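Report on the structure given below.
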């Protein structure tokens, strides 16, 4: 008997049918299955894909940024900013690290609390599969669901691999991001079927695209990266690297800002604080009047970006020639450059989906629906979206733990 297969008879022992069916064999689904099975439930995870946990496999350049040590509810986007607190408090980063350590997996911190697996991401998938098998859970792959109903106290889940009658149904089918690995709106459809509302969805952690002159300028310096502080229209700020691309802007600072961005809104780029620019150039005007302005700028910015920004100002390239107004103009350009993205690259390259099943209709302690007993929603399908850097995996583990303990 194997933990994973595409034939129900090969993976499921004869006897009682599943008590818990989990839709989605990703991070949240696998972890919920482990928790529920450890509590003595007969657990079946179903997924339409050929392989489980593809998002784990491709994340972090194949090393999986599996959590973040700085996890807290304020670093998650939700219509209800308090919803994630309970689950995150009861299963935090060190709880998951303990599970990994039991399988002799090791990790390292890269930056800003981001933890990566020293082994390949496949090692995390394997430890989840091993724990699921040890606890008695099973996964049925290439399983297409045709209908879900609840005619009585049990659900009826009709699939191409058989019909199941679980008392509990956990939806862990993810959001709309990265459709090439099978993402779909299935979970939202199930939620709406049982009376739930959906907070409007949009791509998150995704590059911006631009048109016209900005597109041409950015494309001309594509491949250049620079440290920047990006401020969104709602005053959320991120200070990390930014990358110029053939289509627009990317890099950690931009991906972070994109989750807070709505079409038509502007963003503001700060390369250097305004007072530093004014102070240093005013001082240099007296002490190094013949120094080129661009020579001062390249102390902070890449040469090609320096040339692009300075060329736009129309100023003379000698610090001694700068008037106070000239210095103010350059300071403004370097500290508060406001631009409006045309769009994002969309779900094709988005790492997450912002929005989802309305948390007002779910229990924050168990993830159970307040509208339908025995129905649970976990992971990305829920209106909880984390920052870049392992936060969304931590939400997957925490919400899965809450639901798996509750069923």
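Only one of the numbered conditions (1) under 26 Å from residue 103 (Cβ atoms); (2) touching a helix residue (DSSP H, G or I) at 6+ places or on another chain (Cβ under 9 Å) is violated by residue 143, and that is (1). Selection of the range 159-170 for residues being under 31 Å from the mean Cα position of the chain (by Cα) and part of a strand (DSSP E or B) yields 159, 168, 169, 170. Every condition in (1) more than 17 Å from residue 10 (Cα to Cα); (2) in contact with a strand residue (DSSP E or B) (Cβ under 9 Å, 6 or more places away or on another chain) is met by residue 160 except one, and the failing one is (1).
Of 213, 167, 219, 191, all but one fail to be at pLDDT 95 or above and out of contact with any strand residue (DSSP E or B) (no Cβ under 9 Å at 6 or more places or on another chain); the exception is 213. Meeting the requirement of 1 or more residues that are surrounded by fewer than 16 Cβ atoms within 10 Å (Cβ to Cβ) and either in contact (Cβ under 8 Å) with a residue 60 or more places away in the chain or assigned by TED's automatic domain parsing to the domain that holds residue 73 (or both), the strands (runs of 3 or more DSSP E) wholly within the range 290-407 are 337-339. Residues that are within 25 Å of residue 56 (Cβ to Cβ) and in contact with a helix residue (DSSP H, G or I) (Cβ under 7 Å, 6 or more places away or on another chain) were ranked within the range 155-171; the one that is surrounded by the most Cβ atoms within 10 Å (Cβ to Cβ) is 170.
Any residue at all in the range 196-205 that's closer than 30 Å to residue 6 by Cα and not assigned by TED's automatic domain parsing to the domain that holds residue 262? So far as the range 196-205 goes, no, none of its residues is closer than 30 Å to residue 6 by Cα and not assigned by TED's automatic domain parsing to the domain that holds residue 262. Of the residues making up the range 173-206, those that are under 25 Å from residue 342 (Cα atoms) and part of a helix (DSSP H, G or I) are 179, 180. Within the range 124-154, restricting attention to residues that are touching a strand residue (DSSP E or B) at 6+ places or on another chain (Cβ under 8 Å) and part of a loop (DSSP other than H, G, I, E, B), the residue that is surrounded by the fewest Cβ atoms within 10 Å (Cβ to Cβ) is 144.
The residues listed here are 182, 174; of these, the one that is buried (at least 17 other Cβ atoms within 10 Å of the Cβ), farther than 30 Å from residue 300 by Cα and modelled with pLDDT under 95 is 182.
Restricting 315, 305 to those that are within 32 Å of the chain's Cα centre (by Cα) and modelled with pLDDT of 95 or more reduces the list to 305. Of all residues in the range 368-394, those that are more than 19 Å from residue 185 (Cβ to Cβ) and in contact with a strand residue (DSSP E or B) (Cβ under 8 Å, 6 or more places away or on another chain) total 10.
The values are calculated or read from the model by the stated rules, or taken from the named source; none is laboratory data. Everything quoted here is computed from the prediction, not taken from an experiment. Cβ atoms come from the backbone with ideal geometry, glycine included; neighbour counts cover every protein chain shown.
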